[in-house]
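One structure below.
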Amino acid sequence: MFYKKRGFFIPLFLFAFFHSSYGGESVSNFGRTGLIENPSAYTIKDGHLTLGLSHVYPYTRVFINLGFLPRLEIGGTVTQIESIRFSEGVWKNYGKYKDKAFFLKYQLLPETSYYPAISVGYDDFHGTKLFESKYIVATKYLETPIPQIVTLGYSKGKLNGIFGGTEVLIHPKLSFLAEYSPLKTEELKGFYGHRLKNSEKINYGISFRPYQWFQSNVFVERNKKIGFNLSITAPMGKGLPHLPKHFILSQEDVKEIKEGDQVKFYEKALKRLDLDHEKVYIEQSTLIIEYNNNGYLYESVALKKALDILKVTYFPNVSKVKVILKYKNIPITSYEFEGYSVNEYIKGKIDFTYLIKNSNYEISPMYESAKKIFIDKPYFDLNIKFRTFLNDPSGAFKYQFSVDTSVYQQFSDSVFLSSTISLPIYNNISSSNEPLMSNPVRSDVAEYLKQNKLRVYNLSINYFDNIFKNTFVGISVGYNEMMFAGIGGDILHFFKDGRIAVGIGGDYVKKRDPYKVLGFKDYWLYDYYVSGYYHFKYPEVLVNVKAGRFLAGDKGVRLEVSRNINGFEVGFWYTKSDTSDFIGENKNYSDKGVFIRIPLRIFKLKDTNQIASFSLAPWTRDVGQLSGRPVDVYQTVKSKMPFFIQDNAEAQE
């Protein structure tokens, strides 16, 4: 099977309906920007996402394209070949032939008034490479009596030779497409050796954009095949407009303020603004404000909310304001502001960016919170989860719906229990594949996903704290994930403003028995690694490298690269390890995949810091694997790092 998903799926297309400001480039059948079959030299706008569906016999495709970096688009497509169906053996229930492909395109030179845009691209660069092509292409807008966009390029591969075409801009919402596309159909699956005549290499159609974010193409290929292409494009991380969260002054509030009980009111206001674990007090001439952000995606927004309360309060003899950003009740970062600067800010004379730049901060302050926790009230969360298991020989699309109940219980400042119990509502997951090892790591994942009874995905005691200056530790003990139980953790040290971090981590775990709720198999596994992180300011790219030993015993390096745009994070991982001691499909395999993290606030009318995650891996193998655990130290503290707050100082609720 080549796709694996963890977490649950949110209908990504919804966010396009709330943002109609994008009038993007034409999208080809393969998913990259282009005409009908041919690519153009244009690329999707930086930070934008395209989702689409195309069909022309014998191919039906779903695709995704992302403006991952300025002038760089990366995407993928799944193609169903309508003319090939499996009917016997282990594949007899699979249905029609399906293939995945990835593509990328980089614009070497942008278009100018005199010169065309020039790009290079690579289609289907990994895996079966059924549609592999490498090309260079130029595109230019021409101000002719009827304006048009002309494309000319050269390609080697399944698209082979000189290609070209034009998009005639008849109307802002309507254009005519025509192209010469030298596809080597004799080498493509589904054409059964048919070679195109020159007349069959000409395609034409119309492109209709009733809305700026929606494109619909209808076209004719190979003289007689009618096809269509539907796509939506929108900026990532944008969604429904939010209703600001306010604290509304009651008569009791006014009384407290007038009577001088400013501290009590301040704590109540923080709580109403979804800033919990709140504590406000005065120490000598410093006003100290502590809180945990429980309601906003960006810490910069939460910090603005906390400071805005000063507009209706009065603290005489205070010369400094210290704000302590916490995770639950653990101090992560502290900011110290001069009192006069805060006054200038709340009067609107300086902006938040200036205020932050001229403050003093400290990461992992050696500071004990004034508000202590001892057996806090539990937190419950209920979700409908959708998990998939795709492209198995026994069936192309297997899935599970379940009700997942999560419980979070804080015992003290640093110790808490996390638990997730899953009850399947519907589950058709199964697999005809056998595990690849006698003591498999992940190649038996279907055995866990196919269970129709109650499952305990997580039941762990966790420890999280700041142990030294700029240093955090996270440890989890128990049933840390669906397939393993044991102990694991990380220690991370952050440098300067937190943009750079290094650490060590590892796990010692026992394989869980998929047929027993809390049972085990009779073998243990372990991993260990050193890790490094670097977060670029722009583009907002995070690079994470882990080097060490993986659970199967292979040693190597795991690279993870992601881009975060308005809280919407998309990325990939790639692992290279020594598999010389392995046999079969584990040998010479490099674990890899893609993932997205979706801020749920794009679907809500009020801000939230909740995130949904979704990951896909091309194959389920045993090499290159690490154990999961409920505490991810880096993700826990990243948003509270000074660099992240500074980079997102202008973020809005």
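The values are calculated or read from the model by the stated rules, or taken from the named source; none is laboratory data. If you're wondering where the values come from, they're calculated on a predicted model, not measured in any experiment. No Cβ is skipped: glycine too gets one built from the backbone with ideal geometry, and neighbour counts run over all protein chains shown. These area figures cover heavy atoms from the full protein model, side chains too; ligands, DNA and RNA do not enter into them. Shrake-Rupley method; radii C 1.70, N 1.55, O 1.52, S 1.80 Å.
In table form, for the structure just shown:
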quantity: Inter-site label distance for K134 and D632 at 7 Å from Cα along Cβ, in nm; calculated: 3.5 nm
quantity: Amide proton proximity set for V27, modelled H, under 5 Å, gap of 5+; calculated: G34
quantity: Potential lengthening between S250 and K587 on full extension [0.36 nm per residue; Cα-Cα distance subtracted]; calculated: 114.5 nm
quantity: Stretch gain in nm, segment Y340-I500, where the contour uses 0.36 nm per residue and the Cα spacing is subtracted; calculated: 54.4 nm
quantity: For the stretch 18-95: span of alpha carbons on each principal axis (Å, largest first); calculated: 48, 24, 21
quantity: Cα centre as origin, Lys/Arg/Asp/Glu Cβ charges: the chain dipole, Debye; calculated: 1220 debye
quantity: Global geometry of the stretch 406-485, whether rounded, prolate or oblate, following the gyration tensor of its Cα atoms and the 1.5 cut on a/c; calculated: oblate
quantity: Residue among G153, S113, V78 farthest towards the positive dipole end of the stretch 55-178, charges placed on Cβ; calculated: V78
quantity: 25 °C / 0.890 mPa s Stokes-Einstein diffusion coefficient of the chain, Kirkwood radius on C-alpha pairs, µm²/s; calculated: 89 µm²/s
quantity: Percent accessible area from carbon and sulfur atoms, the chain, protein chains only, probe 1.4 Å; calculated: 60 percent
quantity: Cα gyration tensor category, rounded, prolate or oblate, for the stretch 120-189 with a/c compared to 1.5; calculated: prolate
quantity: Simple label model, 7 Å out from Cα along Cβ direction - F176 to Q284, nm; calculated: 8.0 nm
quantity: In nm, spacing of pseudo-spin labels at Y114 and V557 (7 Å Cα→C-beta vector); calculated: 4.4 nm
quantity: R0 of 35 Å, Cβ-Cβ distance D351-F468: FRET efficiency to nearest 0.05; calculated: 0.55
quantity: Surface accessible to a 1.4 Å probe, per residue, for the residues of the stretch 177-236, Å²; calculated: 49 Å²
quantity: Cα-Cα separations in the stretch 473-571 greater than 24 Å, expressed as whole percent; calculated: 37 percent
quantity: Probe 1.4 Å, protein heavy atoms only - accessible area per residue of the stretch 452-525 in square angstrom; calculated: 42 Å²
quantity: Value at 222 nm in deg cm²/dmol, rounded to 500, when DSSP H runs of n ≥ 4 in the chain each add -39,500 (n - 2.57); calculated: -2500 deg cm²/dmol
quantity: Among Y508, I226, N439 - extreme Cα towards positive end, dipole of the chain, charges at beta-carbon; calculated: I226
